[in-house]
Amino acid sequence: MADSEGVSQRSDGEEPVDPLLKAIGKQIKVLRDRAGLTQVQFGQRIGYGVDLVSAVECGRRPPKPPFIDGAERELDAGGLLDAVRDDIERAQYPARFREFVRLEAEALEIHSYSNHVVPGLLQTEDYAQALYRMRRPAFDDEVIEQHVAARMVRHSIFERRPAPVMSFVVEEAVLRRPLGGRAVLQGQQEHLLRSCRNRNVELQVMPIDVEEHAGLVGSLTLLELKDKPKVAYTESQERSTWFTERTDVRAIEARYGTIRAQALTPRESLEFIEKLLGDA
């Protein structure tokens with residue numbers, strides 16, 4: 001499933017250093033050294049602690065826009081860092097997920113089935129925050145903030161014009177499970193109703209009591225691209241798989257079509273969510 005985009009960990013629990021972030025961090029260090037500033041002095045000038053400055057320079061954290069603005073100003077970078085803002089934004093995501101984010105942002109159609117959590121594009125900030133706080137091995141607060149921010153950035157797709165066609169199928173259990181608490185779940189349910197009032201968005205609920213289910217092999221995402229073949233993406237245990245061969249993509253398309261046919265209709269699904277909210 002394409003819902004753990006902010007996550008990239010080795011099996012030993014250590015976070016890998018991303019080559020792109022490492023290169024950007026080295027460039028910032030060169031500029032800081034040229035300006036004759038220590039990490040402490042630089043951090044004081046731009047409003048960040050020395051630990052964060054060190055983490056950015058070592059490639060362990062992506063610099064946020066205010067950090068880049070401050071570095072441009074205080075290090076006289078001459079637009080060098082401004083020129084790589086897009087690269088820095090993509091660096092918020094693990095390498096395995098960056099191509100998906102890029103293609104998702106330009107897709108004409110996005111179709112997703114999710115069996116464990118609400119799809120990332122439909123998550124509230126509180127819901128996303130709760131998911132990351134449940135991660136094991138645990139993330140520190142700064143990493144959680146980074147991942148949640150990266151997830152929220154993807155929501156700008158709802159403002160894109162022309163708007164992409166989007167459909168989502170979510171398991172009933174996902175809509176009942178109070179991850180983060182009842183208030184978080186209620187806020188998430190209300191957000192789903194608001195999101196799906198957009199004419200380009202359809203949400204369907206897969207009932208618990210269905211006797212046939214084509215989605216038991218796991219979650220999936222299909223992307224219809226402009227002037228490119230359709231692609232499919234799946235994720236399991238933080239291992240992602242791309243499908244580009246037409247035979248494979250067609251099989252996943254057929255599976256998704258069956259999943260949609262087995263789920264409640266979009267109208268029935270919205271009524272179902274409204275009922276859940278009424279029963280809360």
Which is farthest toward the positive dipole end of the chain among LEU277, SER195, VAL184, measuring Cα position about the Cα centre, with Cβ charges +1 (Lys, Arg) and -1 (Asp, Glu)? SER195
Suppose every Lys and Arg Cβ carries +1 and every Asp and Glu Cβ carries -1, with no other charges. What dipole size does region 160-258 come out with about its Cα centre, to the nearest 20 debye? 580
Hey, can you rank 109-115, 81-87, 143-149 by average C-beta count inside 10 Å, highest first? 109-115, 143-149, 81-87
How far apart, in nm, are the 7 Å Cα→Cβ label points at ALA261 and VAL165? 1.8
Using the basic label-point model (7 angstrom from Cα toward the beta carbon), what is the ASP33 to PHE158 distance in nanometres? 4.6
In nm, to one decimal, how far is the ASN198 label point from the ASP279 one, both placed 7 Å along Cα→Cβ? 2.8
Using only the alpha-carbon atoms, how far is helix 182-195 inclined from the longest principal axis of the chain? Give it as 0 to 90 degrees, nearest 10. 80
Whole Å is fine, so just give me how far the alpha carbon centre of region 250-280 lies from that of region 105-158. 21
Need the C-alpha centroid separation for region 43-74 versus region 179-193, integer Å. 34
To the nearest 10 degrees, how steep is helix 246-262 against the longest Cα principal axis of the chain, on a 0 to 90 scale? 60
For CYS58, CYS196, write out the residues from largest to smallest accessible area, computed with a 1.4 angstrom probe and no ligands counted. CYS58, CYS196
List the residues of region 119-134 whose backbone N lies under 16 Å from a point placed 7 Å from the Cα of GLN186 along the Cα-to-Cβ direction. 126-127
Rounded to the nearest 10 Å², the 1.4 Å probe accessible area of GLU274 is 90
For the chain, with all protein chains present and a 1.4 Å probe, just round the carbon and sulfur fraction of the accessible area to a whole percent. 49
According to the Kirkwood expression over distinct Cα-Cα pairs, how big is the hydrodynamic radius of the chain, in Å? 20.4
I'd like the accessible area for HIS116: 1.4 Å probe, protein heavy atoms, all chains in place, Å² to the nearest 10. 100
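The values are calculated or read from the model by the stated rules, or taken from the named source; none is laboratory data. Just so it is clear, the model here is predicted, and its values are computed rather than measured. Cβ: placed from backbone, ideal geometry, glycine included. Neighbour counts: every protein chain shown. These area figures cover heavy atoms from the full protein model, side chains too; ligands, DNA and RNA do not enter into them. Shrake-Rupley method; radii C 1.70, N 1.55, O 1.52, S 1.80 Å.
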